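The values are calculated or read from the model by the stated rules, or taken from the named source; none is laboratory data. The structure displayed is predicted, hence computed values, not measured ones. With ideal geometry, Cβ positions are generated from the backbone for all residues, glycine too; neighbour counts draw on all protein chains shown.
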Amino acid sequence: MLVMFKYLSLKFLFLLGITPLSVLLISGCNNKDLEVNQTLNDIEVVDRIEAVAALGQLNPLGEVRQLAAPTSGKGGTPRLSKLLIREGDSIIKGQILAVFDNRPKLEANLKSAKANLNLLMSEIKIKKREINRYQTLVDKGAVAEIVLDQMKDDLFISETSISKLQFAIDAIKVDLEQSQLKSPLDGIVLQVLVREGERPNSSGVINVGANKLMEALIEVYESDIDRVQIGQSVDLISENGGFNGSLSGQVSLISPQVRQRRVLSTDPTGDADSRVVEVRVKLDKSSAKKVSHLTGMKVIARFQPK
């Protein structure tokens, strides 16, 4: 109970902007100085209480992508065959993240189509040689010209078949490429939505995010939003001790819309129906690097008064 009281006291001091050192200095003064210091401290607290404190959570500042499974020929989706990453893994653009169970069949279809193409091209070479030979015979009058015309028609059909077969090969290559899920960006795996052997639905397979830059989405009470400005400095700490120390950032965007809270406090007496404004805080590079793997963690933000 004593440890919890100390923890909550430190959180309260952070929100008010009072450091524990200030408390020690005050307690060390004599009675006469205590009255003066207490008065000054009260004035300081009144001034510092103008700082806004609010709850929020960490998110990648870059894009977040929901990666979907390919669509099979019948309109469904193939099952997930291999999952090559885990949540929290760092990834690079083009990295293979997952493989679907339609890949072996597509590889076999591609191999068969290429073999048929090679066979057809060999047949066309033979037909061209035969046409050249019959052309000589026709010129000499040894063979009727109608026979040569039929051979040329047959060659035309074979050459047309080559084009159709090549289109089919290109289509199989596209499907084969989609049978592997690749990362569209450098970043981190935020969430894996499907396990091996499962068939993905409309929710997708994996959520990934670019986490080189990080931001905090802070929910500021509508009554406090008039004290928040673009470019304002912000200090953040973990609500539940997920990281040590504090983070630094600046207000980059203030939403024009007032809505209900989405990031709920662990305080059971908190008002979940409170009206808030979402404020985006861009973290400094050093702070972003410190928490790049902590997407979704709740934080307490203190907006420094200007």
**Prompt:** Only one of (1) over 22 Å from the mean Cα position of the chain (by Cα); (2) surrounded by 13 or more Cβ atoms within 10 Å (Cβ to Cβ) fails for K125. Which number is that?
**Reply:** (2)
**Message:** If I ask for residues that are of a type in the set (K, R) and free of Cβ contacts under 8 Å to residues at least 40 places away in the same chain, which ones from the range 139-182 would you list?
**Reply:** K140, K152, K164
**Request:** Scan the range 170-183 residue by residue and report those that are crowded, with 16+ Cβ neighbours inside 10 Å and of a type outside the set (S, T, N, Q).
**Result:** I172, D175, L176, L181
**Message:** Tell me whether the range 177-193 contains one or more residues that are modelled with pLDDT under 95, in a helix (DSSP H, G or I) and not acidic (D, E).
**Reply:** yes
**Asked** On the given criteria, is E219 surrounded by 17 or more Cβ atoms within 10 Å (Cβ to Cβ), touching an Asp or Glu at 6+ places or on another chain (Cβ under 9 Å), within 15 Å of Q57 (Cβ to Cβ) and modelled with pLDDT of 90 or more?
**Response** yes
**Request:** Please find, within the range 94-119, the residue that is farthest from L190 (Cα to Cα) out of those that are among the hydrophobic types (A, V, I, L, M, F, W, C) and surrounded by 15 or more Cβ atoms within 10 Å (Cβ to Cβ).
**Result:** L117
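Which residue, of A108, A98, is over 30 Å from F303 (Cβ atoms), modelled with pLDDT of 95 or more and in a helix (DSSP H, G or I)?
The conditions single out A108.
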**Message:** Residues that are within 17 Å of G88 (Cβ to Cβ), at least 3 per element: which strands (runs of 3 or more DSSP E) completely within the range 204-245 meet that?
**Reply:** 206-209
